[in-house]
Amino acid sequence: MVSKKSVIKGYEADKEKLISYMKKIGEGDFSLASEEEFNDVTLASEINSMIAGIKKGNNVFVMRMNEAMTKIGDSSVVKNMMEKVDEQAAIVETIHASGSELEKSITNVQYAAQEIQEHSRDVLANVKASSDEMRNSTDAIGESVQEVENVNDQVLRFKEDAENITKIIDQIKSLAGRSSLLALNASIEAARAGEAGRGFAIVADQVGELSKSTSSCADSVVKYVDELLASIDELVEFIKTTTDHLNDSNDRVIESVANLDKMAEYVADMDASIDKIFDEINTQSGLTEEFIALGNTMAGGFNELNDECFKTGEHLYKISRNVDTVRSDMARSRSELTFLDWITVFEVDHLIFTWRQYNNLIGYEHLKLEQVNNPRGCKLGKWFAAQNDRAITDSEAFKKAHRIHDDLHNFAVKCFNASAEGEKEKAIGYFEQAHVAYNELVAALEDLKRVAKSAGYKEYTDTTRRK
């Protein structure tokens, strides 16, 4: 017969064990009780029933968190935000670079305009100087024409004098002819007179010789005068031609002076236009400086925005990691999920896994290769290996899900390696492929759920019901 004392002692021991398990449950340890630990085995059964009830009651909470993680764990919003920020940063950088180039361009235009203005003013000065010199040339040509005309007048007067000499010579020749005739008559009369007319005959001979000599000289003078008149005519013609050339040159010079005056007006107008251009350039330069200042301010502000966006994304990432840690712990140690529930959990697990590759890529977290390259060691990989129901393992959905799961990890490894090598664009490309593989994995797991339901796995946690 059991003594009262031993009963009380057993009761106290069971009480202490019961309190111990209650404390463990309160601390989150849902380990099942062993019947060997209790004197009253019904207490162990009741504790285990309570633990099972609590776990099952937690299923709704776990699956609701699982649903929440489909939103929280999907970092596409963060990715889109960061990509937009990168695009805008590139645009701001382009604007900033364009502003700098515009400033350089305006400075170059200022230098070019200044150089053009200096050249135009030099041209204007040269044109004015040339115009003045040509006006002086016009005056000199006019004076030369006047002098040539004076020479021409003198030559014409000289020609008149030469022609008058010819007339005088004609008179002299006429007188010489008459003298020769008189000498001849005197010689005849002297011959008649005989000795008495001898002296007269000598005088008559001398007069005849003088007449011949005078006539000969007159002929020579006429010859030279004729030659002189011919030369004078040539000189007059040359002077006329020279005068015509001088007048024509003078007309051309006058026309050139007029053209130079017009050119001077054009250059002056161009100089005035350049002054206006300078004013516009100075205005544009001021606006460009304001534009560059605003661009610098925008760039600084955008850097701050970029930092804030990065911090926001990082904050959301940390929130998702904390929520995911609670979800994972609750699912694996504080709940009693069904076969179908676990497939849903694995879907979310690999949503998180996929986006962790992107988080690692942009620096929100720093994964290790062994965390990525473990398709057999991850929870879904272990679950695949643990299945022994042929209705499940022989299905095409199971095989396809298994294959795509390997592909997902393979793309994740490539993304990790490309990121580690600093090849960001290539890493993003592999991430996109991993994301496609994830979507294919979800589709395959959904097919597997339908296979499982057909095989009798119909129980799942309804997250719409209240506790």
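The values are calculated or read from the model by the stated rules, or taken from the named source; none is laboratory data. As the structure is a prediction and not an experimental result, all values here were calculated from the model. Please note: Cβ atoms are built from the backbone with ideal geometry, for glycine as well, and neighbour counts cover all protein chains shown.
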- Query: Which number in (1) in contact with a helix residue (DSSP H, G or I) (Cβ under 9 Å, 6 or more places away or on another chain); (2) closer than 26 Å to Leu337 by Cα; (3) among the aliphatic types (A, V, I, L, M) marks the one condition that Ala52 misses?
  - Reply: (1)
- Query: For Lys426, are the conditions met, namely being surrounded by 15 or more Cβ atoms within 10 Å (Cβ to Cβ) and over 50 Å from the mean Cα position of the chain (by Cα)?
  - Reply: no
- Note on the structure: Filtering region 36-62 for residues that are surrounded by 14 or more Cβ atoms within 10 Å (Cβ to Cβ) and either acidic (Asp, Glu) or part of a loop (DSSP other than H, G, I, E, B) (or both) leaves a count of 5
- Message: Checking the structure you have, find out if any residue of region 5-22 is among the small types (Gly, Ala, Ser), under 30 Å from Asp329 (Cβ atoms), modelled with pLDDT of 70 or more and surrounded by 15 or more Cβ atoms within 10 Å (Cβ to Cβ).
- Response: no
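Quick test for you: out of Ala443, Ala452, Ala420, pick the one residue that is small (Gly, Ala, Ser) and crowded, with 16+ Cβ neighbours inside 10 Å. I'd like the intermediate steps shown before the answer.
Numbers: Ala443 fails: crowded, with 16+ Cβ neighbours inside 10 Å; Ala420 fails: crowded, with 16+ Cβ neighbours inside 10 Å.
When all the criteria are applied, what remains is Ala452.
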- Query: Looking at (1) surrounded by 16 or more Cβ atoms within 10 Å (Cβ to Cβ); (2) at pLDDT 70 or above, can you tell me which one Gly99 breaks?
  - Reply: (2)
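Matching residues to (1) in a helix (DSSP H, G or I); (2) over 57 Å from the mean Cα position of the chain (by Cα):
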| site | (1), (2) |
| --- | --- |
| Phe416 | yes, no |
| Gly422 | no, no |
| His435 | yes, no |
| Val442 | yes, no |
| Glu446 | yes, no |
| Tyr457 | no, yes |
- Query: Which residues, taken from region 362-386, are in a loop (DSSP other than H, G, I, E, B) and acidic (Asp, Glu)?
  - Reply: Glu365
- Item | Unique residue being touching an Asp or Glu at 6+ places or on another chain (Cβ under 8 Å) and either without any contact (Cβ under 8 Å) to a residue 24 or more places away in the chain or among the hydroxyl-bearing types (Ser, Thr, Tyr) (or both) when the list is Thr354, Thr338 | Thr338
